[in-house]
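Report on the following structure.
FYI, it's all coordinate maths here, none of it is from the lab. Quick caveat: nothing in here was measured; it's all calculated off a predicted structure. FYI the Cβ positions are ideal-geometry reconstructions off the backbone, even for glycines, and counts take in every protein chain you see.
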Amino acid sequence: MHTTYFDEDDILVIRLSDKPIAREVSQNWNTHISYAEDGSAVEVVLLEARANGAYPLEVQHARAA
């Protein structure tokens, strides 16, 4: 997983896979998800990430039960 934040535009891109993107789906006006040919999620793009509380990221480490 790789994340990139574009400060000037307030856009957060979360890259989940190196697979090529086959299609994109807008969940709403500021959340877009890209999918590979096999249906797996490849990338999530959040517009106005800081304004909506999605950035900066909070990382929590825990063990599964």
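What to note about this one:
- Of all residues in the stretch 7-31, those being part of a strand (DSSP E or B) and closer than 18 Å to Leu57 by Cα number 6.
- Candidate set from the stretch 32-65 (those that are crowded, with 16+ Cβ neighbours inside 10 Å and β-branched (Val, Ile, Thr)); member that is farthest from Glu8 (Cα to Cα): Val42
- Take the conditions (1) among the aliphatic types (A, V, I, L, M); (2) touching a residue at least 24 places away in the same chain (Cβ under 8 Å); (3) part of a strand (DSSP E or B); Ala49 misses just one of them, which is (3).
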